[in-house]
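Each remark here refers to the structure printed beneath this line.
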Amino acid sequence: MKTSKAKQVLKWSLPLGLALLLAACGSGSNDKRDGATPSGSSSPIASASSGPSGSPSQSADPGANAGFEMFTDDASGVEIQYPQDWALSHDVPGAIITFMTALEDGDKFRDNVSISMQDLGGEEMELAQYVEVTEQQLQEIITDFTLLSEEQFATDDGLDIQVIKYTGKQGDFSLTWQQLLSIKNGKAYVLTYLAEDDSFDKYVETVGQMVETLVIY
């Protein structure tokens, strides 16, 4: 997603709701830092990239940015770079992958970035309609849901992107979400950055770097 507009919205938001929240709490004993075969180099979110089908892979790709590794999931058609010192979890229901920050002393919550994909089953749905339904669902599952901002733009390759940012509470946690939503090839893709309110800004730049490497193919 290498557009000037994308960089502007990276002060940067899929309703995984409680499942994602629970995965971010505690020590994350199921986190994985697997090594695997290298994947291709990064390209804009809307560009096509072919490769053999198979299970998700993580790799120290020589084409990755310094301090980052490559994650590729051919089954979902997603590729993204992530910080080498972040933990990976494949166990969050509804998510292709979740990248978690290090759990610091005294923390009970791990800020994280997740990617999900929903097959629309052949249903013709505009992005605006999908976002509207998503926001309605969020109001039902998130206590004190407050929509802070939303913006739609198109990448250089013509892929429509919606970014929404909102706050709410889940149990004892006051949280901020920022989500990037798009529809391609009959599937809805959502990248979510989820953090506690007081630490949201800490990883904004890092999440922005991750989003810049996101490929949907």
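The values are calculated or read from the model by the stated rules, or taken from the named source; none is laboratory data. Here the structure is a predicted model, which means the values were calculated and not measured. Heads up, the Cβs are rebuilt from the backbone with ideal geometry, glycines too, and the neighbour counts pull from every protein chain shown. Ligands, DNA and RNA are excluded from the accessible area calculation, which covers all protein heavy atoms including side chains. Shrake-Rupley method; radii C 1.70, N 1.55, O 1.52, S 1.80 Å.
Within the range 127-136, is even one residue part of a loop (DSSP other than H, G, I, E, B), open to solvent by 10 Å² or more (accessible area, probe 1.4 Å) and under 24 Å from Asp197 (Cβ atoms)? Before you say what the answer is, go through the steps one by one.
Filtering the range 127-136 for residues part of a loop (DSSP other than H, G, I, E, B) gives none.
The answer is no, given that none of the residues of the range 127-136 is part of a loop (DSSP other than H, G, I, E, B), open to solvent by 10 Å² or more (accessible area, probe 1.4 Å) and under 24 Å from Asp197 (Cβ atoms).
Regarding Tyr82, is this residue under 22 Å from Thr206 (Cα atoms), aromatic (Phe, Trp, Tyr) and not in a loop (DSSP other than H, G, I, E, B)?
Details: under 22 Å from Thr206 (Cα atoms): yes; aromatic (Phe, Trp, Tyr): yes; not in a loop (DSSP other than H, G, I, E, B): yes.
Yes, satisfied.
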Scanning the range 148-164 residue by residue, those among the small types (Gly, Ala, Ser) and part of a strand (DSSP E or B) turn out to be Ser149, Ala154
Is it the case that Thr167 is open to solvent by 10 Å² or more (accessible area, probe 1.4 Å), in a helix (DSSP H, G or I) and of a type in the set (Ser, Thr, Tyr)?
no
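Does Val113 count as crowded, with 20+ Cβ neighbours inside 10 Å and in a strand (DSSP E or B)?
Working: crowded, with 20+ Cβ neighbours inside 10 Å: yes; in a strand (DSSP E or B): yes.
Criteria met by Val113.
Name the one entry in Leu194, Leu181, Leu175, Leu159 that is open to solvent by less than 50 Å² (accessible area, probe 1.4 Å) and either hydroxyl-bearing (Ser, Thr, Tyr) or closer than 15 Å to Met117 by Cα (or both). Reasoning before the result, please.
Numbers: Leu194 fails: either hydroxyl-bearing (Ser, Thr, Tyr) or closer than 15 Å to Met117 by Cα (or both); Leu175 fails: either hydroxyl-bearing (Ser, Thr, Tyr) or closer than 15 Å to Met117 by Cα (or both); Leu159 fails: either hydroxyl-bearing (Ser, Thr, Tyr) or closer than 15 Å to Met117 by Cα (or both).
Only one candidate qualifies: Leu181.
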Within the range 170-196, of all residues that are polar (S, T, N, Q) and in a strand (DSSP E or B), the one nearest to Met210 (Cα to Cα) is Thr192
Near pairs, Cβ below 6 angstrom, 6+ apart or cross-chain, from the range 185-204 (over 20 Å from Ala102 (Cβ atoms)) to any residue that is part of a helix (DSSP H, G or I) and open to solvent by 10 Å² or more (accessible area, probe 1.4 Å)
Ala188/Tyr130
